């Protein structure tokens, strides 16, 4: 079993601190979503993990060793950072065969990963003819080539069609079930929520969160219940008496922040208040992420002020 261990990792570029003493561990057997606004330090962290840059201080190790110290690193770590990096004049098969030869990986693995990523039928086409989604699949095939215990993927859903997105979700979960360590950077909150078990969140080079998916959402959002009743006045009085603040919408439905269905249902039943509709409005990962990172975005646009109409 192999983990990625980040300890007091700091990286400075010309006096600017891109990472500030970041510490976390990516463990085997689960998919870890790696989140943060643009400029948060995610790409820097991945480059340091993969030995593409050197830290100012601190360490980034894989199974207790820096990437540069790994024997036959492709057998230990597979990574996709840039789907456009493959040489366009080569065929997909030749690209993977060259990588396999360089990593001393049996040539038979090429066909295995072409099949697993769904591009075996286009293996003899030039890469320059590939769509972005096909290039993503080829990049993932390259990451899997050495059958590594650690997988690092940057925006793997980028350019994939709906079928491809469903496929990559399943692939990442399958890799984790096989006991691999899977670190996935993404800006797509809905996608991350569909596959990640654990989250690491950076903001302005600092660690903001290192926690389970459910715990993260619960910590940064407030549950809400929506309901309809024929006795709104009684409902308001009962809920207000218990410290809640029900709000009636224009459609006649009531919204109750900070409450759950299992709280409201039994209470209404005890008080004899008829309930015509009762549903939980589950907070999303996006809600929690935006609440946490509201002040951490390095680049944020402002909305223009509304035009003033002259009388």
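The values are calculated or read from the model by the stated rules, or taken from the named source; none is laboratory data. If you're wondering where the values come from, they're calculated on a predicted model, not measured in any experiment. Virtual Cβ from ideal backbone geometry, glycine too; neighbours counted across all protein chains shown.
If you check residue 234 against the conditions, is it touching a helix residue (DSSP H, G or I) at 6+ places or on another chain (Cβ under 8 Å) and touching a residue at least 12 places away in the same chain (Cβ under 8 Å)?
On the way: touching a helix residue (DSSP H, G or I) at 6+ places or on another chain (Cβ under 8 Å): yes; touching a residue at least 12 places away in the same chain (Cβ under 8 Å): yes.
So residue 234 fits the description; yes.
Among (1) within 39 Å of the chain's Cα centre (by Cα); (2) touching a residue at least 12 places away in the same chain (Cβ under 8 Å); (3) over 28 Å from residue 293 (Cα atoms), there is one condition residue 262 misses while meeting the rest; what is its number?
(2)
So is residue 235 crowded, with 19+ Cβ neighbours inside 10 Å and closer than 19 Å to residue 46 by Cα or not?
no
Does the stretch 84-96 include one or more residues that are surrounded by 15 or more Cβ atoms within 10 Å (Cβ to Cβ) and out of contact with any helix residue (DSSP H, G or I) (no Cβ under 8 Å at 6 or more places or on another chain)?
Yes, the stretch 84-96 has at least one match.
Considering only residues of the stretch 58-75 that are in a loop (DSSP other than H, G, I, E, B) and at negative phi, which is farthest from the chain's Cα centre (by Cα)?
Residues of the stretch 58-75 that are in a loop (DSSP other than H, G, I, E, B), as a first pass: 63-64, 66, 70-72.
Those still in the list that are at negative phi too: 66, 70-71.
Details: 66: 24, 70: 27, 71: 29 Å.
Result: 71.
Which of the strands (runs of 3 or more DSSP E) found entirely inside the stretch 168-256 contain at least 3 residues meeting this: outside the structural domain of residue 27 (by TED's automatic domain parsing)? Steps first, please.
Values: elements: 181-185, 198-203, 206-212, 224-229.
The strands (runs of 3 or more DSSP E) meeting that bar are 224-229.
Checking residue 6 against (1) farther than 28 Å from residue 159 by Cα; (2) at pLDDT below 95; (3) buried (at least 17 other Cβ atoms within 10 Å of the Cβ), which test does it fail?
All conditions are met except number (2).
Name the pairs whose Cβ atoms lie under 9 Å apart, with the first residue in the stretch 117-143 and free of Cβ contacts under 8 Å to residues at least 24 places away in the same chain and on the phi > 0 side of the Ramachandran plot, the second surrounded by fewer than 23 Cβ atoms within 10 Å (Cβ to Cβ) and part of a loop (DSSP other than H, G, I, E, B), and 6 or more positions between them or separate chains?
No pair meets every condition.
Just to be sure before I move on: is residue 55 at pLDDT 95 or above, touching a helix residue (DSSP H, G or I) at 6+ places or on another chain (Cβ under 9 Å), surrounded by 14 or more Cβ atoms within 10 Å (Cβ to Cβ) and not in a helix (DSSP H, G or I) in the structure I sent? I'd like the intermediate steps shown before the answer.
Details: at pLDDT 95 or above: yes; touching a helix residue (DSSP H, G or I) at 6+ places or on another chain (Cβ under 9 Å): yes; surrounded by 14 or more Cβ atoms within 10 Å (Cβ to Cβ): yes; not in a helix (DSSP H, G or I): yes.
So residue 55 fits the description; yes.
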